[in-house]
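In what follows, a single structure is set out as structure tokens and then discussed.
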Amino acid sequence: MSDAAKPANAEAEITLIGPGFGESVVIHFGDNCWAIIDCCIDSRTKSPAPLSYLQSIGVDPSESVKFVLATHWHNDHIGGIAKLIETCESATFSFPIGFSEEQFRKFVSTYHQKSTAVDNGVSDICGAFNHILHKSSKCELAIANRPIFAAKSVAGHSTRITALSPSSGDCVNFLKMVASVIPPRGSAVARAPRPDSNLMSAATWLEIGPLSILLGADLEETGNPATGWTAVLGSTTRPQGAASLFKVPHHGSDNGHHSGVWSRMLTGQVLALVTPWNRGRGLPTKSDQARIVQLAPQSFITSARSGLAVRHGQTVARTLREANAKLSRTEQPTGFIRARAPISSGPISWTVHCSPEACPLQNY
């Protein structure tokens, strides 16, 4: 995926990968120690994209990855995560706190009974948790304002990852949704649900020495003081400061936007990173693009190229017409944006490298 060398020991790296379909964030916090947030499948290799990326720059994920977070269980954020957890043997695995252990075991066992019921990422979640249960891997539950990872960095600096969400209100709403879809005893197992909103998405605040980074996951804005970005902004116990790098939430969608995040949690010259969503009408829309570029002139997207149109001959075309069917375009190619900065007390300066698929957001 990349022919670059791995970062220097005293250099931070934030690499956003996508779409696959979905996204993943790969983080270097010094001394060849790494973290991965979410997972997607590389459109070319069909392997977990963060593993392909790390291996391409000469990093052994089994030894160097110390932390893995699944921000929520939508399948565009956990595709391949079972393989990721299995490979990253030294990592602590974190996930939102919405399920207690008993509730999660019941949910997984219910939807694991019949293969036809496994959908929307449940198979990946089952694989990840079955591996954790049998291998005694370390777990850390994510809830608003709770540190979920800490480590010593370089030159006396430290690293800390703090969950900004889900809030207590988000957790309550999510459990109500789960309770409404778990089938009664003795009834048929239904298809696993896919919530319309990202109720449990874990946005995170990352500190690497003097560097502050805001990773928005898919957290949405609801207008409810107890949930979403309004709850984050209203918290008196969240980490303070202004982030110099922002992973824009929910593929730049308007429902992930809160003006207070930009004015109160980010620097005026923030570096903004976005992954596209290539299903349905697609994200970001033109209005999303214009809004983000106005707020952050230095903004980039991981893939600007649409999938290639499917070509076929006259016989195939006639058959498709007779069947009233059509072929869709292939998946948008997976790209990445890599941002690196020295872990030092000097001025913060991110150096950005884009893969051939990526580009400045204004050119999307």
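The values are calculated or read from the model by the stated rules, or taken from the named source; none is laboratory data. Every value quoted in this text rests on a predicted model; they were computed, and no experiment measured them. Using ideal geometry, Cβ is built from the backbone for each residue, glycine included, and neighbour counts are taken over all protein chains shown.
Looking only at segment 250-307, which residues are surrounded by fewer than 22 Cβ atoms within 10 Å (Cβ to Cβ) and touching a Cys at 6+ places or on another chain (Cβ under 8 Å)?
Answer for segment 250-307, where residues must be surrounded by fewer than 22 Cβ atoms within 10 Å (Cβ to Cβ) and touching a Cys at 6+ places or on another chain (Cβ under 8 Å): just 304.
I want to confirm something. Restricting to segment 117-136 and keeping residues that are out of contact with any His (no Cβ under 7 Å at 6 or more places or on another chain), within 15 Å of residue 95 (Cβ to Cβ) and at pLDDT below 60, which single residue is surrounded by the most Cβ atoms within 10 Å (Cβ to Cβ)?
122
Select from segment 61-82 the residues that are hydroxyl-bearing (Ser, Thr, Tyr) and either surrounded by fewer than 21 Cβ atoms within 10 Å (Cβ to Cβ) or touching a Cys at 6+ places or on another chain (Cβ under 9 Å) (or both) and list them in ascending order. Working first, answer last.
Of the residues in segment 61-82, the ones hydroxyl-bearing (Ser, Thr, Tyr) are 62, 64, 71.
Selection gives 62, 64.
So the check is Cβ under 6 Å with 6+ separation or different chains; which pairs have a first residue in segment 61-82 that's closer than 18 Å to residue 33 by Cα and free of Cβ contacts under 8 Å to residues at least 40 places away in the same chain and a second one that's of a type in the set (Asp, Glu) and outside any strand (DSSP E or B)?
62/89
How many residues does segment 58-78 hold that are over 22 Å from residue 213 (Cα atoms), assigned to a helix (DSSP H, G or I) and at pLDDT 95 or above?
The qualifying residues number 3.
Within segment 155-209, can you find the residues that are part of a loop (DSSP other than H, G, I, E, B) and at pLDDT 75 or above? It would help to see each step written out before you state the result.
Step one: filter segment 155-209 for residues part of a loop (DSSP other than H, G, I, E, B), giving 155-157, 164-167, 182-203, 209.
The answer is 156, 157, 164, 165, 166, 167, 198, 200, 201, 202, 203, 209.
Taking into account only those residues within segment 42-60 that are of a type in the set (D, E, K, R) and either without any contact (Cβ under 8 Å) to a residue 40 or more places away in the chain or over 24 Å from residue 201 (Cβ atoms) (or both), which is surrounded by the fewest Cβ atoms within 10 Å (Cβ to Cβ)?
Just the residues of segment 42-60 that are of a type in the set (D, E, K, R), to begin with: 42, 44, 46, 60.
Still in the list and also either without any contact (Cβ under 8 Å) to a residue 40 or more places away in the chain or over 24 Å from residue 201 (Cβ atoms) (or both): 44, 46, 60.
Working: 44: 13, 46: 11, 60: 14.
Taking the candidates together, the pick is 46.
Inspect segment 306-325 for any residue being closer than 15 Å to residue 363 by Cα, within 22 Å of the chain's Cα centre (by Cα) and modelled with pLDDT of 85 or more and give the result as yes or no.
Looking only at segment 306-325, we keep the residues that are closer than 15 Å to residue 363 by Cα, and these are 306.
From the residues that got through so far, the ones that are within 22 Å of the chain's Cα centre (by Cα) too are 306.
This time we only want the ones that are modelled with pLDDT of 85 or more, so: none.
Looking for residues that are closer than 15 Å to residue 363 by Cα, within 22 Å of the chain's Cα centre (by Cα) and modelled with pLDDT of 85 or more, one finds none in segment 306-325, hence no.
From the list 270, 261, which one is assigned to a helix (DSSP H, G or I), among the β-branched types (Val, Ile, Thr) and either under 20 Å from the mean Cα position of the chain (by Cα) or closer than 26 Å to residue 227 by Cα (or both)?
Working: 270 fails: assigned to a helix (DSSP H, G or I).
Every option except 261 fails the conditions.
Does any residue of segment 95-116 turn out to be closer than 30 Å to residue 342 by Cβ, in a strand (DSSP E or B) and at pLDDT 65 or above? Reasoning before the result, please.
Taking segment 95-116 first, the residues closer than 30 Å to residue 342 by Cβ are none.
The answer is no; no qualifying residue exists.
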